[in-house]
Amino acid sequence: MGVTKQFQSAGSDAFKALDNVSVRIKENEFFTLLGPSGCGKTTLLRLIAGFDFPTEGQIMLYGQDIAPLPPFKRPVNTVFQSYALFPHMTVAQNIGFGLEMQGKPKSEIDARVSQMLKLVRMEDLAKRKTSQISGGQQQRVALARALAPQPKVLLLDEPLSALDYKLRKDMQIELKRLQSETGITFIFVTHDQEEALTMSDRIAVMSKGHILQVGGPRDIYDRPSERFVANFIGETNFLEGEAKGVKDGVAQVKLASGSVISAGCPEGFKPSGKVTVVVRPEHADLKKEKKGATVTGTLSTIVYFGTDTHYHVKLDKDGGEFVVRHQNSRTGSMGFKQGDAVGIAFDDDAAQVLRD
Ligand code: ATP
């Protein structure tokens, strides 16, 4: 709540890595901090873990401010990007390490280690040294080790970034399974928007020390509230227009093409005057004629991607470009060619007004 983290380095001005950040994370959810490099994700995670302290603000856990507590006194554990396993120890010893440090009896440690080995499907490799297992297996051991003391919250700092594409995809599913099976709250940090969309219950999009939007993957993707969010997550089309009125969170917007469309608005926002509207490429349809279309233009480029085709249209009135993405079917292409005069149509609920 109201967390600010200011860094002071010699010879330069104080720098706010986090500026008055407030976010409420629910118990048992898979919550992701998403943003580009340097936006403050790791700083926020480190403050929750207790590796650093906020300059201002509180970090509340079940009604208690944990900001002054050292890391080992917090019911929180962290999985780092560089797993930080002990190479001379076996898989089982690594998993049991935290429990041993807590002075738990051997019988309890053995039982928990077996349970964790089963959870991450590593029973067969329990006696292998962690220097003799693959990257994906090391990742599982790091997860099991962090989960073994049964923290209330597990913090994961880009834990999949060292894995290759295929393994990363598998581990995304695995992490989601682990979270739902253990019921532990996961706070996951990534700069990869696809990873965030596929794994999270909710996402906080961060930029320059601020949280810009918090919502479910669908909210964030379909209803971006700011230009930064719309740009950072997926591809999108921007159309300029003028707000003519707002009712029940839906604005009437007159586009440069002359068409008046209905567009959703960010919560609590009442647009007026010049506005920007966003429409995702796959939420628009390409028409062979301009009549009845919302916007019109000329087909400038057609790019075939295997699963879908992207049609780039130079707009007649707006002057900008609009991309329509169409999923390919076995029956062949839609029969468009470069230079065709085309219309673009989209449903009212495909358009969203941006706050900025
Ligand atoms: P990445 O994805 O690259 O890890 P991030 O979003 O996690 O980025 P942070 O590591 O939180 O970013 O850093 C946020 C900003 O704070 C950056 O500009 C960084 O240079 C700065 N910063 C982080 N730690 C310190 C520090 N100890 N001293 C000074 N500046 C710092």
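The values are calculated or read from the model by the stated rules, or taken from the named source; none is laboratory data. Worth saying up front: this structure is predicted, and the values here are computed from it rather than measured. Ideal geometry is used to build each Cβ from the backbone, glycine not excepted, and the neighbour counts take in all protein chains shown. Ligands, DNA and RNA are stripped out before the accessible areas are found, and what is left, the full protein with its side chains, is counted by its heavy atoms. Shrake-Rupley method; radii C 1.70, N 1.55, O 1.52, S 1.80 Å.
Computed quantities for the displayed model
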item	result
Among residues of segment 1-30, those that are more than 10 Å from the ligand (Cβ to nearest atom) and part of a strand (DSSP E or B), counted	6
Criterion (modelled with pLDDT of 90 or more, more than 16 Å from the ligand (Cβ to nearest atom) and under 25 Å from GLU267 (Cβ atoms)) met by exactly one of THR198, THR182	THR198
In segment 274-314, the residues that are part of a strand (DSSP E or B), closer than 26 Å to GLY215 by Cβ and open to solvent by less than 40 Å² (accessible area, probe 1.4 Å)	VAL275, THR276, VAL277, VAL278, VAL279, ALA284, ASP308
Set LEU69, LEU47: member being assigned to a helix (DSSP H, G or I) and free of Cβ contacts under 8 Å to residues at least 60 places away in the same chain	LEU47
Residue within segment 153-162 that is open to solvent by 50 Å² or more (accessible area, probe 1.4 Å), in contact with a helix residue (DSSP H, G or I) (Cβ under 7 Å, 6 or more places away or on another chain) and in a loop (DSSP other than H, G, I, E, B) present	yes
Residues within segment 65-111 that are of a type in the set (Lys, Arg) and closer than 20 Å to LEU156 by Cβ, tallied	1
ASP192 vs. criteria open to solvent by 20 Å² or more (accessible area, probe 1.4 Å) and away from the ligand (no atom under 16 Å from the Cβ)	no
Count - residues of segment 98-107 that are surrounded by fewer than 18 Cβ atoms within 10 Å (Cβ to Cβ) and in contact with a helix residue (DSSP H, G or I) (Cβ under 7 Å, 6 or more places away or on another chain)	1
Residue count for segment 36-53, restricted to those that are on the phi > 0 side of the Ramachandran plot and either near the ligand (Cβ under 7 Å from one of its atoms) or acidic (Asp, Glu) (or both)	2
Check on GLU56, more than 25 Å from LEU212 (Cα to Cα) and either among the acidic types (Asp, Glu) or within 16 Å of the ligand (Cβ to nearest atom) (or both)	no
Residue satisfying all of: in segment 34-57; of a type in the set (S, T, N, Q) and closer than 17 Å to VAL153 by Cα; least open to solvent (accessible area, probe 1.4 Å) among these	THR43
Residues located in segment 201-212, provided they are open to solvent by less than 50 Å² (accessible area, probe 1.4 Å) and more than 16 Å from the ligand (Cβ to nearest atom)	ARG202
The lone exception for THR331 - which of (1) under 30 Å from VAL250 (Cα atoms); (2) hydroxyl-bearing (Ser, Thr, Tyr); (3) open to solvent by 30 Å² or more (accessible area, probe 1.4 Å) it fails	(1)
Residue list for segment 226-252, filter: free of Cβ contacts under 8 Å to residues at least 12 places away in the same chain, of a type in the set (S, T, N, Q) and either open to solvent by 80 Å² or more (accessible area, probe 1.4 Å) or in a loop (DSSP other than H, G, I, E, B) (or both)	ASN231
